[in-house]
Amino acid sequence: MGIAPTCWVSLSLPAFAGNIAHAKSTLAGKARLMVAVKSDAYGHGEKEIAETALRAGADSLAVLDIDSGVRLRPHAGDAMLLAWLLSPSDDFAAAARSRVDLGISGLWQLKKLAREVPEGCVSVHLKIDTGLHRNGALPGDWEALCTEALRLERAGILRVTALWSHLSDTSLKENELSLARFHEAVDQARTIGLTPELLHIAASAAATDLPESRLDLVRVGISAYGVSPFDDRSAHDMGFAPIMSAHAVVTSVDAERSEAHIGIGYAHGLLPLPPETGWVVHGTQRLELRSVEADHCVLALPSNYPLDLGDHVTLWGEPDTGSPSAEQWASWSGTIGDEVVSAMAHSIEHRFIRQ
Ligand SMILES: Cc1ncc(COP(=O)(O)O)c(C=O)c1O
């Protein structure tokens, strides 16, 4: 028998399936639903999450890099798998073999594709920058990108399946402006001769607040994991349940100093907090946090509080027990909820709840 771990994360696949169904009806509507499983599904475990997403009704998946797409193909059936973070050292032929769609934003990527997969017919999504200034063709380069893509399409090397962009989500007004710029870029591409089947631009926030941005497909990430993309609305307010929760056991109790240690710290991926910030939950009892250290946290105990070695404590992600949410932990830590879940170390045990 192995040594029992001092900390772990729980991941509820039924709750995730429920979130996918909810995203389909409330964020996608008539559009297709692409679920982002980037960065090991935000730390949740890409294989289990990809399979659950597709079983629960997602149409397609998004990853960052080709390697992740190749790894996930055996778990994704025939579903579209889009990779958008391409580097000059990537193996485009491997992407073609695993039918990974490529998010293309530069001429160098088209040249590399023609060189490495000349007989290919790879499916590509051409990306225009509409104001975010992150990984999209600049408007001045768009015509040349579309023209070269059309030439390669006619040569049988690729198929331009989609035109797309990503929004800054800094304000509704900014997103509306970017959407207008996107439509101009689409008109330009069609005039050049491209005939894409899909247009996509919205992620969680715009799909919620700007329904006309849903177009043919929405790419939903963090809200499907039960974490809000907004400052002013929780995932709970949006109808999404948390998937991941963080847990630890009591590893020492010092009654004289009215404090206890639990076996989780920032070396396990727990985001550190300023001293004397936040709380955790034992049963449904709140216990204040004194500090987050490398391999443990220090808890303050009320006098005569009955806490034993090996007792279970929930750090975040189980609001039903009164524990903080990932978003609450993020606000204490001065960051966003995405980081709280994604930062949890691969090396700690991931306990999947399967039904
Ligand atoms: C290009 C792109 N699309 C979609 C998403 C998903 O965004 P969200 O988590 O806000 O739904 C991301 C996340 O970073 C992204 O980079």
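The values are calculated or read from the model by the stated rules, or taken from the named source; none is laboratory data. Quick caveat: nothing in here was measured; it's all calculated off a predicted structure. No Cβ is skipped: glycine too gets one built from the backbone with ideal geometry, and neighbour counts run over all protein chains shown. Accessible surface areas use protein heavy atoms only, side chains included; no ligands, DNA or RNA. Shrake-Rupley method; radii C 1.70, N 1.55, O 1.52, S 1.80 Å.
For L210, indicate whether it is out of contact with any strand residue (DSSP E or B) (no Cβ under 9 Å at 6 or more places or on another chain) and open to solvent by less than 50 Å² (accessible area, probe 1.4 Å). Break it down stepwise before answering.
Details: out of contact with any strand residue (DSSP E or B) (no Cβ under 9 Å at 6 or more places or on another chain): yes; open to solvent by less than 50 Å² (accessible area, probe 1.4 Å): yes.
Taking the combined requirement at face value, the residue satisfies it.
Looking for whichever is open to solvent by 10 Å² or more (accessible area, probe 1.4 Å) and in contact with a Lys or Arg (Cβ under 8 Å, 6 or more places away or on another chain) here; the options are G120, G140, G156, G131. Which one fits?
G131 is the lone residue from the list that is open to solvent by 10 Å² or more (accessible area, probe 1.4 Å) and in contact with a Lys or Arg (Cβ under 8 Å, 6 or more places away or on another chain).
Tally time: how many residues in region 215-255 are out of contact with any strand residue (DSSP E or B) (no Cβ under 6 Å at 6 or more places or on another chain), part of a loop (DSSP other than H, G, I, E, B), farther than 21 Å from L13 by Cα and open to solvent by 50 Å² or more (accessible area, probe 1.4 Å)?
Within region 215-255, residues that are out of contact with any strand residue (DSSP E or B) (no Cβ under 6 Å at 6 or more places or on another chain), part of a loop (DSSP other than H, G, I, E, B), farther than 21 Å from L13 by Cα and open to solvent by 50 Å² or more (accessible area, probe 1.4 Å) number 4.
So is L273 in a loop (DSSP other than H, G, I, E, B), open to solvent by less than 30 Å² (accessible area, probe 1.4 Å) and away from the ligand (no atom under 16 Å from the Cβ) or not? Full working, then the answer.
Numbers: in a loop (DSSP other than H, G, I, E, B): yes; open to solvent by less than 30 Å² (accessible area, probe 1.4 Å): yes; away from the ligand (no atom under 16 Å from the Cβ): yes.
In short, yes.
Pairs, please: C-beta under 9 Å, at least 6 apart or cross-chain, first residue on the phi > 0 side of the Ramachandran plot and in region 176-193, second open to solvent by 70 Å² or more (accessible area, probe 1.4 Å) and not β-branched (V, I, T)?
Here the result reads G193/R154, each pair linking region 176-193 to a residue that is open to solvent by 70 Å² or more (accessible area, probe 1.4 Å) and not β-branched (V, I, T).
Would a scan of region 133-140 turn up a residue that is of a type outside the set (S, T, Y), within 16 Å of the ligand (Cβ to nearest atom), over 21 Å from the mean Cα position of the chain (by Cα) and at pLDDT 95 or above? Full working, then the answer.
Looking only at region 133-140, we keep the residues that are of a type outside the set (S, T, Y), and these are 133-140.
Going one step further and asking which of them are within 16 Å of the ligand (Cβ to nearest atom), we end up with 133-137.
Keeping just the survivors that are over 21 Å from the mean Cα position of the chain (by Cα) gives 137.
Then keep just the ones that are at pLDDT 95 or above; that gives 137.
Yes, because at least one residue in region 133-140 is of a type outside the set (S, T, Y), within 16 Å of the ligand (Cβ to nearest atom), over 21 Å from the mean Cα position of the chain (by Cα) and at pLDDT 95 or above.
Applying the selection to region 7-54, what residues are under 17 Å from S342 (Cα atoms), open to solvent by 10 Å² or more (accessible area, probe 1.4 Å), of a type in the set (A, V, I, L, M, F, W, C) and in a helix (DSSP H, G or I)?
Residue satisfying the conditions is L13 alone.
Search region 55-86 for residues being over 15 Å from D40 (Cα atoms), open to solvent by 40 Å² or more (accessible area, probe 1.4 Å) and away from the ligand (no atom under 16 Å from the Cβ), and hand back the single one that is nearest to the chain's Cα centre (by Cα).
Here the residue is R55.
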